[in-house]
Protein chains: 2
Amino acid sequence: MAVYTDISEDDLKHFIAAYDAGELLSYKGIAEGVENSNFLLHTTKFPLILTLYEKRVDRNDLPFFLGLMQHLAARGLSCPLPLPRRDGALLGELSGRPAALISFLEGMWLRKPEAKHCREVGKALAAMHLAGEGFEIRRPNALSLAGWRELWDKSEARADEVEKGLSAEIRGEMADLEAHWSKDLPAGVIHADLFPDNVFFIGDQLSGLIDFYFACNDLLAYDVSICLNAWCFEKDGSYNITKGKALIEGYQSVRPLSAREMEALPVLARGSALRFFLTRLYDWLTTPAGALVVKKDPLEYLRKLRFHRQIRSTSEYGAL
Amino acid sequence: MAVYTDISEDDLKHFIAAYDAGELLSYKGIAEGVENSNFLLHTTKFPLILTLYEKRVDRNDLPFFLGLMQHLAARGLSCPLPLPRRDGALLGELSGRPAALISFLEGMWLRKPEAKHCREVGKALAAMHLAGEGFEIRRPNALSLAGWRELWDKSEARADEVEKGLSAEIRGEMADLEAHWSKDLPAGVIHADLFPDNVFFIGDQLSGLIDFYFACNDLLAYDVSICLNAWCFEKDGSYNITKGKALIEGYQSVRPLSAREMEALPVLARGSALRFFLTRLYDWLTTPAGALVVKKDPLEYLRKLRFHRQIRSTSEYGAL
C-alpha cells in the first residue's frame, strides 16, 4: 500500500493549474504501487493518476520513464500517457517531490490469470518491444549481472539464515551465469517488471500495460524470460507448460524469436529468477519487522531458479 | 491507510452483477477510512465506492448506517447513497465480508479549514439534524456516558503512563460529567464524527458529508460540541473563536439552538473531548508498536477538555 506523502488540496490545485486538465473535483490516495505515492484524481475533464516520485526513484531516470510512456503511446501501445504541462514539461513538483499527471488507464489486473491471458501478455510484450524502437534516451539495466553482484555482496554473509547452503549455491549460479550470459542477442527497451499487477484487462481483453519504472535497455528475450517467471508458475511452484506455450506463441505471433534467442531462454530465465530472488532476499534481510511493506518470499524465486537449471531444451517451456 | 481485504476481479464482477451498475472497468483500493476497506470503482455507468465492512463494525448496525444515508439523501442532504441491488437489498457479501456499493461523492476534505468553511459545516450539520427527523431505526450512542465508563475501566490502571495524575483527573471529570449531563435536550440522529476528513468541499462550496459509521441517536447539541472540538482548535491547541463563532452561527442559521442547548455547550464539549480522549487513550495503550495504524495523540483531547473546563459562558465559544 503506497501513499507515502500526503498532499493538501491547495497545493494540488496549484499544481493542476499548470496543466490543461480542468478543475479538480476529488483525489484519493490509492493503495497500489510500492515505490511511489499514487492518487486517483477526478477533474471536470477526465480521471488522472497523480504520481509523486519517492526517494527510491532516481530523479535522473524520470525523463526516460515519462518519455518512454509518451513514445510507446504515440506508437499505439496502450499504456499510461504523461500529460504535458502548459509549458511542455512532463514533470512538476508537489509536496517537495517530483510529480507527474498521467492518463488513467481503465482495466483490472488478474489475480488468477489463465493461459488465454498469458497469450495476450506475450503479444503485448512483443508489441511493446517493437514500439520501443527509435526511443532515443538510454537507460542501462541496473539489475543485470553487475547489479546482481552488488546486491549479492550485501546479502551473502546472511544468506544461509534463509536456507542452509544458499550462499554456496548462489555463488556458483552467479559464476555460471556470468560465464554463459548471451550478450549479442537483439536488444532494445524492455519492461523488466511485467508481472500480473502491471497488466490490465477488461474482461479477457488486455487493456494496457502500466508501471514502466524498471524499464531499461537490455536483451528483448530477457523480458520474455521475466514473463515466464511472472506468469507461468502456479502457486504451488509448478511450471504450467500450457501457459508457457501460450505466452511464447503470443509473443512470436507479433515478433518471432530467433533460434539463438530461443536457445538462450533457459539461461535468461535463470538470470531473471536470480534477479527477483536477490532483490527479495535483500529486502527480506533489511526490512525491519513491522514495516509498512509486505515482504515477499525470496525462496519462491529460488525454486524457479532451480527449475530453470534443470531445463535441457526450450521445448520444455512449451515453445515449438 | 485502509485496505484490509483484497478482492479478485472475478468475485467483484459477480458481486456487481447483482446491481444495475453497468460493466466494471477498474477498481483501486483507496487509502482512506480506518474501520473498513474501501475501493473506488469505475463502471460503464458511474464511479462508485465499494465498502467492505471489517470486523470492528457490528453487522447489526449496517441497516442503520445504510438506511440513514438513504433517508438523508432522500431529504436533500448531499451524502453518499447506497445503491440498491436488483433484489432491493442494500447489502451484499464479498470476500467473506458484508459489502455495499455507494455513490461516489466528488469533493476534497480540507487540510486547513478556515472560518468560512466552519460556517458551512455548521449549516450542513444542522441540515443533517433536520433531515434525520423521521428516520425510524434507532441506534443508541455506544460512546456516551456508559461507554466512556467502560473504556475508562480498561485504561485507568495504565493512564498515568501517559501523564502523571491523569487517572485522578479523569476520574473526577467523569463523575462531574455524570452529575451534570443534560438529558432532556432536543435529540435526534447525530453524525458523531464530523471531523474535517468527513466533509468534502469543491472550492469553498461544501459538497457533502461522508462516513456515517458512528452516527447514532443522541443530543443534537452534543454533535455541535463535537464539531467545536474537531474544527475550531488550531494545531498549537489554541481555540479559534472566529471559527467557533462561524460554526455556531452557521448552525443557527438553519436550526436555532435553544437557550438551554446553548448553556449546555461547555459541559457537552467536555464530554465530547473526553470521548475522543478515551478512544485515543485506549488505542494508544493497546495498539502494538509497528502496527499499520497511525496512533493519534490522546493528549490533544486532554488539552481541549481542560480548555472547556475553564469556560464560564457559551459566549467564550463565540456564540452571541
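The values are calculated or read from the model by the stated rules, or taken from the named source; none is laboratory data. Note that this is a predicted model, so its numbers are computed, not measured. Neighbour counts are summed over all protein chains in view; Cβ atoms, including those assigned to glycine, are modelled from backbone coordinates with ideal geometry.
Figures for the structure shown
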| quantity | calculated |
| --- | --- |
| Qualifying strands (runs of 3 or more DSSP E) (wholly inside segment A:1-107; at least 1 residues being in contact with a helix residue (DSSP H, G or I) (Cβ under 9 Å, 6 or more places away or on another chain) and away from chain B (no Cβ under 12 Å)) | A:47-52, A:92-94, A:97-103 |
| Matching residues, segment A:59-69, being over 16 Å from the mean Cα position of the chain (by Cα) and not polar (S, T, N, Q) | A:Arg59, A:Pro63, A:Gly67 |
| Positions within segment B:117-142 being among the β-branched types (Val, Ile, Thr) and more than 13 Å from B:Leu209 (Cα to Cα), in sequence order | B:Ile137 |
| Residue within segment B:181-192 that is part of a strand (DSSP E or B), without any contact (Cβ under 8 Å) to a residue 40 or more places away in the chain, over 13 Å from B:Leu274 (Cα atoms) and among the aliphatic types (A, V, I, L, M) present | yes |
| Lone unmet requirement of (1) surrounded by 19 or more Cβ atoms within 10 Å (Cβ to Cβ); (2) within 14 Å of chain A (Cβ to nearest Cβ) for B:Met128 | (2) |
| B:Arg85 vs. criteria at pLDDT 95 or above, under 23 Å from B:Ala126 (Cα atoms) and of a type in the set (Lys, Arg) | no |
| Conditions (1) in a loop (DSSP other than H, G, I, E, B); (2) in the same structural domain as A:Arg306 (by TED's automatic domain parsing); (3) not aromatic (Phe, Trp, Tyr); number of the one not met by A:Arg158 | (1) |
| Residue match in segment B:227-244 (condition: more than 18 Å from the chain's Cα centre (by Cα), modelled with pLDDT under 95, under 25 Å from B:Arg171 (Cβ atoms) and assigned by TED's automatic domain parsing to the domain that holds B:Val199) | yes |
| Of the criteria (1) within 22 Å of B:Asp283 (Cβ to Cβ); (2) crowded, with 20+ Cβ neighbours inside 10 Å, which one B:Arg119 fails | (1) |
| Single unsatisfied condition, B:Lys112 versus (1) surrounded by fewer than 19 Cβ atoms within 10 Å (Cβ to Cβ); (2) more than 20 Å from B:Thr51 (Cβ to Cβ); (3) touching a residue at least 40 places away in the same chain (Cβ under 8 Å) | (3) |
| Residues of segment A:199-226 satisfying the condition of being part of a helix (DSSP H, G or I) and under 10 Å from the mean Cα position of the chain (by Cα) | A:Asp223, A:Ile226 |
| Qualifying residue in segment B:274-292 (condition: closer than 25 Å to B:Leu110 by Cα, among the polar types (S, T, N, Q) and either more than 14 Å from chain A (Cβ to nearest Cβ) or not in a loop (DSSP other than H, G, I, E, B) (or both)) | yes |
| Contacts under 7 angstrom Cβ, first residue in segment B:77-90 being within 20 Å of B:Ala131 (Cα to Cα), partner of a type in the set (Ser, Thr, Tyr), 6 or more apart | B:Ser78/B:Ser207; B:Pro80/B:Ser103; B:Leu81/B:Ser103; B:Leu83/B:Tyr19; B:Leu83/B:Ser103 |
| Count - residues of segment B:9-43 that are in contact (Cβ under 8 Å) with a residue 60 or more places away in the chain and out of contact with any Gly (no Cβ under 9 Å at 6 or more places or on another chain) | 9 |
